[in-house]
Amino acid sequence: MVSWTPPAEGAAEEVWNWLAAVKDPEIPVLTIADLGILRQVTMDGDHCVVTITPTYSGCPAMNTIEQDVLSVLAEHNVEATVETLLDPPWTTDWMSEDGRRKLEAYGIAPPAETSASKRAIWGEDPTVCCPRCKSESTRKVSEFGSTACKALYQCQDCQEPFDYFKCI
């Protein structure tokens, strides 16, 4: 698993901390740091380069995230460039534990397994717990939920529909 950690010192660390609070426009309870799409912050003199990775190619939220990153940095008078890194591709393994807890509290089931799971090869769905009543008696209603990165499930016990953040 590839992971990045915040810069250890100086201006890049301060910028990372500012950007770690930028919200995901599709799931505003999460930050780009929670999702693991904030990959790197480097300083070249007074110029900052921020690297982000989309959750999937063509994610419509990336333009908004880039503008939000630039807005935060402009508020701090930091000249910046945002670069998009596609390789390695993003994986739900990069989501923070705090982000997973926030998803569940928000009513979205977090990824149930790691991206290394081979379950999809055999067309098997993961066991997804209901974020409301915690029942494992759930069923997939649709492969597509409110956004492309989520599937729609329903709990068989409490009967509530809910989104499941798909494991990628």
Seminar exercise, completed: With the first residue restricted to the stretch 43-62 and required to be in the same structural domain as Asp24 (by TED's automatic domain parsing), and the second required to be part of a loop (DSSP other than H, G, I, E, B) and of a type in the set (Phe, Trp, Tyr), Cβ contacts under 8 Å at 6 or more apart or on different chains are Thr53/Trp90; Pro54/Trp90; Thr55/Trp90; Tyr56/Trp90
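Working carefully through the options Ala80, Ala61, Ala105, find the one that is buried (at least 18 other Cβ atoms within 10 Å of the Cβ) and farther than 14 Å from Ile37 by Cα.
Among Ala80, Ala61, Ala105, only Ala80 is buried (at least 18 other Cβ atoms within 10 Å of the Cβ) and farther than 14 Å from Ile37 by Cα.
For the subset of the stretch 116-131 comprising residues that are loosely packed, with under 15 Cβ neighbours inside 10 Å and in a loop (DSSP other than H, G, I, E, B), which member is modelled with the highest pLDDT?
The initial filter retains those residues of the stretch 116-131 that are loosely packed, with under 15 Cβ neighbours inside 10 Å, namely 116-124, 127.
This time we only want the ones that are in a loop (DSSP other than H, G, I, E, B), so: 116-118, 123-124, 127.
Numbers: Ala116: 52, Ser117: 49, Lys118: 50, Gly123: 63, Glu124: 71, Thr127: 88.
Within the stretch 116-131, the match that is modelled with the highest pLDDT is Thr127.
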Problem set entry | Extreme residue, nearest to Thr147 (Cα to Cα), among residues of the stretch 14-23 that are out of contact with any Ser or Thr (no Cβ under 7 Å at 6 or more places or on another chain) and in contact (Cβ under 8 Å) with a residue 12 or more places away in the chain | Leu19
Problem set entry | Selected residue (only one of Arg139, Arg100 is among the basic types (Lys, Arg), at pLDDT 90 or above and surrounded by 15 or more Cβ atoms within 10 Å (Cβ to Cβ)) | Arg100
Problem set entry | Long-range neighbours under 6 Å by Cβ, at least six apart or interchain, first residue assigned to a loop (DSSP other than H, G, I, E, B) within the stretch 84-100, second aliphatic (A, V, I, L, M) and at pLDDT below 90 | Pro88/Val2; Thr91/Ile168
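The values are calculated or read from the model by the stated rules, or taken from the named source; none is laboratory data. All figures in this text were calculated on a predicted structure; none of them were measured in a lab. Here Cβ is always computed from backbone atoms with ideal geometry, including for glycine, and neighbour counts include all displayed protein chains.
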